[in-house]
Amino acid sequence: MPRLNDRAFTLLQAEIQKSFSDSALQVQRELTLRRLERLRTQEGLPLSYDEIRETIVDLLPDFPETVLKAAARANGAPKSSAKPSAKPSSIPWGAIKLSSVALLLLGGGIYVANLPIPALRWSVARSMPILLIPSFMSMDSHYRGAINSVEQADQLINQATAPEDFELGSTKVKEAQQHLNALPVWFVGFYPRQYCSFARCSWQFTLDEFRSARENVARMEAKLFQEGNARTQLEEKDQALDEAKQAYSQAKDNTERRKAIAQWQTAIDALKQIPDQTLAGRMSQETIRAADRDFQQVVGFTADNTRTGNWMEAAKEFAKTASKGKSPKNLTELQETKGLWGEAIDRIEKITVDDPDYLEAQKQLANYKQSLSAVEIQMQAEKESVQAFQEAQQLKQNLLALTTNDPNRLDRGNVARSLQEIIDELQKVKKGTTVYAEAQILMKFAQNRLK
């Protein structure tokens, strides 16, 4: 017959679901029901009141006694009978000493019989199993402790909802390991039927069960190790992410900003490497989504800022090149300079009003346009000055030719007019042009001749 019948199970189950529905007792409630289900399927003597109580109260200490008694009655457990002990009679001192020696010898014999020596334990188990009652009690205690600890650890670790569950689960795994280490595996094949006939053992200690418990504990230890590593990674990557954000906020230039952004992206990538099957991996998903959102906003702004900076730097390079070179410049060189200033202006004009450096860009644009206008004025001056200088040279050549061909017929008035025409043309040559120096020499020559 089952050790716990359906009627008794129904009474206990109804009370557990009614009186212990608090979410804080969810683990204890599930473990208690799991124990009762196991007893419901075990064959053996019906559970007594004490056994039912022992099964429940360690997890649910406030369980009503009335329900426990009702379940025991429904389960058909035999009532325990106890006879009042007789009043001890006076014993002679000699008998007391003899009894003490006998008790000491008996205790010593029981101690020796229960030593964890396989050959001795098996020999005693075959001949006088009653002497192994302390071992059986220890086995029963450690068996119950191992099963309870494994069940609680399994619930806490494999159904964890917070890091604190792993801390408590780790404690339960250690307790289960201690209980399993205390069980005599080499004594697995012996089931103390005589002891359990009056002690009503609630266990069937088999090698398969022991191996299963060991494997379960090993898996939970491995999971705790993985969860611990994942949690450490989460804490480290969270700190790295915070440091990258702080570095970006404190960056003084684009170089430092780009370096902080790289660190930021690295921290996000590292968070994504935490295994999803771990609690830390599941907890990191929200952090990753928030970090990605912030990163996209910041990188978008930085990209616009960087692009603006690039346009301004490029414009400065064109302006720098345009400002170089000898002075004065001829028309070809001035045309090239004009093109460079145009390129600089074109770069600056690409910066829109939405860009953060728009005002600074407008200042540069005004300076560049002013420089371009100065070059255009210089080009016009150069063109007119060259043309005037060439005309003065042509007049000089004409005068020299006239003087050389017929000096006797040369009219002094004509010479003076020619020299004045040369001077007038040379006065059109602007200062700062490429022909200005030569024009001054020729003008001095013409003025001297005119005197």
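The values are calculated or read from the model by the stated rules, or taken from the named source; none is laboratory data. Keep in mind it's a predicted model, so treat the numbers as computed, not measured. So basically every Cβ, Gly included, is an ideal-geometry build from the backbone, and we count neighbours across all protein chains shown. Just the protein is used for accessible areas: all its heavy atoms, side chains included, with ligands, DNA and RNA removed. Shrake-Rupley method; radii C 1.70, N 1.55, O 1.52, S 1.80 Å.
Can you spot the lysines whose alpha carbon is less than 17 Å from LYS396's alpha carbon? Ignore those fewer than 8 places along the same chain.
LYS428, LYS444, LYS451
Quantify, in whole percent, the carbon and sulfur part of the accessible surface of segment 305-382 (1.4 Å probe; protein heavy atoms only).
That share works out to 50 percent.
Distance between the C-alpha centers of segment 313-361 and segment 220-275? Whole Å please.
Value for the Cα centre distance between the two parts: 43 Å.
Would you mind getting the accessible area per residue of segment 1-51, heavy atoms of the protein chains only, 1.4 Å probe, in Å²?
55
What figure in square angstrom, to the nearest 10, would you give for the accessible area of ASP357 with a 1.4 Å probe?
Surface open to solvent at ASP357 totals about 50 Å².
Compute the distance in nm between two label points, each set 7 Å from the Cα along the Cα-to-Cβ direction, one at ASP50 and one at LEU33.
About 3.0 nm separates the two model spin labels.
Show me, for segment 155-170, the HN-Hα J-couplings you get by feeding each phi into the Karplus relation (A = 6.51, B = -1.76, C = 1.60, θ = phi - 60°), rounded to Hz, glycine and proline as x.
Result, rounded to whole Hz: 5, 6, 7, 7, 10, 5, 10, 7, x, 5, 4, 5, 5, 5, x, 5.
Among GLU384, GLU317, GLU15, what's the order by accessible area (1.4 angstrom probe), most exposed first?
From most accessible down to least: GLU317, GLU384, GLU15.
What ranking of THR232, THR66 comes out by heavy-atom accessible area, probe 1.4 Å, highest first?
Order by accessible area, largest first: THR66, THR232.
Show me, for segment 439-450, the HN-Hα J-couplings you get by feeding each phi into the Karplus relation (A = 6.51, B = -1.76, C = 1.60, θ = phi - 60°), rounded to Hz, glycine and proline as x.
5, 5, 5, 5, 5, 5, 4, 5, 5, 5, 5, 5
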